[in-house]
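The structure under discussion appears below in the form of structure tokens.
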Amino acid sequence: MPKIPMRAKLRRVHRKLCSRFSLADPQSSMNLFLFVSMPPPISSPPLSNGGFSFFCDFERQQSELETANGASGSSETLVYTRKKRLKQEALEPLEKKSQQLCVLPDIEEFAFKKNTRSSKRSTTETNISVASASTAGRSTETIITPTSTKTAGSPPENWVQVLEGIRQMRSSGDAPVDSMGCDKAGSFLPPLERRFAVLLGSLLSSQTKDQVNNAAIHRLHQNGLLTPEAIDKADESTIKELIYPVGFYARKATYMKKVAKICLEKYNGDIPSSLDDLLALPGIGPKMAHLILHIAWNDVQGICVDTHVHRICNRLGWVSRPATKQKTSSPEETRVALQQWLPKEEWVAINPLLVGFGQTICTPLRPRCEACSVARLCPAAFKEASSPSSKLKKSKQSKEL
């Protein structure tokens, strides 16, 4: 016997109900049909054969009622209507409640975060366990563990040997920062004009290579635009053409116009000599402010930490977040952590030393760990993707073995 589809069965039930009880009202017949075709409640046993057992019980009750009404001389017709079922919320298992105790912090906790954090929150961030249920009933667990062995405030082990090894590798002075750094900007100018040239060079150095930045400063000098008076009178479109292709050249051209106007109005054509006043200038951050103080005013108030210093200090395990062993997340955090243990006589030299080291050997992508003399003292050595030359060298060594 061929199997009848469920929809065809329900149509047959609907027709039988309408013909059996003479339900002329389409709304009543539809209510009765929907009640029959409706799935059973959770608490009641499931209906077999797509609701036909319910139809048989309904027919039997109708016949009994007609017999009783015939004896009493009255007649009634049963009309069933669809009732709204209440949602039954399943009880949460205890395992799910226990997992809710260890969750990731809210996004507001990461915004506008300060350097000083409570020890309780820091210890909870040391090991973050994220448990999530996957398909097929299996669960995966991701654990974030720190790799640095540096304690905040105490100098790392062997930092003197590492620093001396980097100095030996940098003795050749072949890095771009040695010949085209911000300290070379306007070195041939008088002190007043040179300070403004250093300010412009530091402003343009953000997100820009030293070669591109040095070329832009030379073009400004050739067009007589290394003084605040000339920048204030020049068109912004002309400045954009001269400093292109430095990073964010359009925005930096606007900053140059604003800085020149401030220097003329507040400092009589000179640049600010304090850290707070430099930070108040548009486009000047902590790294640039400390660099300008070093070069222009010979004032050492902090370490100049850029992306190279930030990256290398974390690779060497020299810095960590307060009260944790996790890596610092920004150059400003690196500066604060580095100043806690590095002697002050090294604060000026550490920037060009590590910047040149990051430009030649400890590069952002594929660092040349095979050419580094302090790789045995570096916790991150050979853990990142190596350069193509090192891969060829390793393949040759494996073939020889």
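Just a few scattered comments:
- When the residues Arg315, Arg11, Arg194 are ordered by accessible surface, computed with a 1.4 Å probe over the protein chains alone, the sequence from largest down reads Arg11, Arg194, Arg315.
- Rolling a 1.4 Å probe over the protein heavy atoms gives segment 158-243 an accessible area of 48 Å² per residue.
- Segment 156-283, Rg to Rh (Cα coordinates; Rh as Kirkwood inverse mean 1/r): 1.06
- Of the peptides 317-327, 208-218, the ranking by mean beta-carbon count within 10 Å, highest at the top, reads 317-327, 208-218.
- Met180 sits with roughly 50 Å² accessible to a 1.4 Å probe, with DNA, RNA and ligands left out of the calculation.
- The residues packed around Tyr249, meaning those with a beta-carbon under 14 Å from its beta-carbon, carry a net charge of +4 if Lys and Arg are +1 and Asp and Glu are -1.
- Rolling a 1.4 angstrom probe over segment 171-272 with all protein chains present gives an accessible area of which 49% lies on carbon and sulfur atoms.
- Accessible area (Å², per residue) of segment 268-378, counting only protein heavy atoms and a probe of 1.4 Å: 39 Å²
- Cut-off 12 Å between beta-carbons: net charge of the residues surrounding Leu291, Lys and Arg +1, Asp and Glu -1: -1
The values are calculated or read from the model by the stated rules, or taken from the named source; none is laboratory data. Computed from a predicted model, the values in this text were never measured in an experiment. Note that we place each Cβ from the backbone using ideal geometry, even for glycine, and neighbour counts take in every protein chain shown. These accessible areas exclude ligands, DNA and RNA; they are computed on the full protein's heavy atoms, side chains included. Shrake-Rupley method; radii C 1.70, N 1.55, O 1.52, S 1.80 Å.
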